[in-house]
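The values are calculated or read from the model by the stated rules, or taken from the named source; none is laboratory data. Here the structure is a predicted model, which means the values were calculated and not measured. With ideal geometry, Cβ positions are generated from the backbone for all residues, glycine too; neighbour counts draw on all protein chains shown. In case anyone asks, the SASA skips ligands and DNA or RNA and just uses the protein heavy atoms, side chains included. Shrake-Rupley method; radii C 1.70, N 1.55, O 1.52, S 1.80 Å.
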Amino acid sequence: MKAKKVMQQCEQCGETFTIDFATANLSVQIARIHGKTIENRLFIEACPNCGKVHTVTSDDPKEWGNRKIPSPKKLMYGLTFSCLFVFLGIIAALFFAGRGIAVLWSWLFQ
């Protein structure tokens with residue numbers, strides 16, 4: 001599946017250039033409304049002549065080509081497990097700190 005190419009005229013220098021959805025930088029907006037996932041992509045490309053940045057928004061997956069982004073579900077699972085590991089690490093650190101304080105306490109008052 002081929003990605004869409006959009007011809008854009010630069011506002012600053014007036015030159016025409018192409019924004020290729022397969023190679024342009026992109027930003028992804030994902031919303032979940034009433035159980036339905038809505039995804040919009042913002043493609044960002046600088047003018048090759050003057051460097052002014054131009055953007056094109058697309059919400060049609062057929063235009064995007066085969067370009068993949070991280071799955072929102074995988075991102076949520078990753079954040080959940082990373083928070084869980086941080087929480088477990090804090091518990092382990094507090095446990096061993098308590099054991100160390102108990103050892104010092106027993107040395108001082110024996």
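Any idea which residue in the range 53-106 is nearest to PHE17 (Cα to Cα), counting only those that are of a type in the set (Ser, Thr, Tyr) and open to solvent by 90 Å² or more (accessible area, probe 1.4 Å)?
First pass over the range 53-106, keeping only residues of a type in the set (Ser, Thr, Tyr): 55, 57-58, 71, 77, 80, 82, 106.
With the extra rule that they be open to solvent by 90 Å² or more (accessible area, probe 1.4 Å), the set shrinks to 57, 77.
On the way: THR57: 16, TYR77: 40 Å.
Per the criteria, the residue is THR57.
So which residues in the range 19-35 are open to solvent by 60 Å² or more (accessible area, probe 1.4 Å) and more than 22 Å from ASN66 (Cα to Cα)? Please lay out each step first, then the result.
Looking only at the range 19-35, we keep the residues that are open to solvent by 60 Å² or more (accessible area, probe 1.4 Å), and these are 23, 25, 29-30, 32-34.
Correct list: ARG32, ILE33, HIS34.
At pLDDT below 90, out of contact with any Ser or Thr (no Cβ under 7 Å at 6 or more places or on another chain), more than 30 Å from GLN12 (Cβ to Cβ) and of a type in the set (S, T, N, Q), is that true of SER71? Reasoning before the result, please.
On the way: at pLDDT below 90: yes; out of contact with any Ser or Thr (no Cβ under 7 Å at 6 or more places or on another chain): yes; more than 30 Å from GLN12 (Cβ to Cβ): yes; of a type in the set (S, T, N, Q): yes.
The answer is yes for SER71.
Give just the number: which of (1) open to solvent by 60 Å² or more (accessible area, probe 1.4 Å); (2) at pLDDT below 85; (3) touching a strand residue (DSSP E or B) at 6+ places or on another chain (Cβ under 6 Å) does THR16 not satisfy?
Here THR16 clears every test but (2).
Counting residues that are within 18 Å of the chain's Cα centre (by Cα) and among the aromatic types (Phe, Trp, Tyr), which strands (runs of 3 or more DSSP E) fully inside the range 1-79 reach at least 1? Working first, answer last.
Numbers: elements: 5-9, 16-20, 25-33, 36-46, 53-58.
Because the criterion is at least 1 residues that are within 18 Å of the chain's Cα centre (by Cα) and among the aromatic types (Phe, Trp, Tyr), the strands (runs of 3 or more DSSP E) in the range 1-79 that meet it are 36-46.
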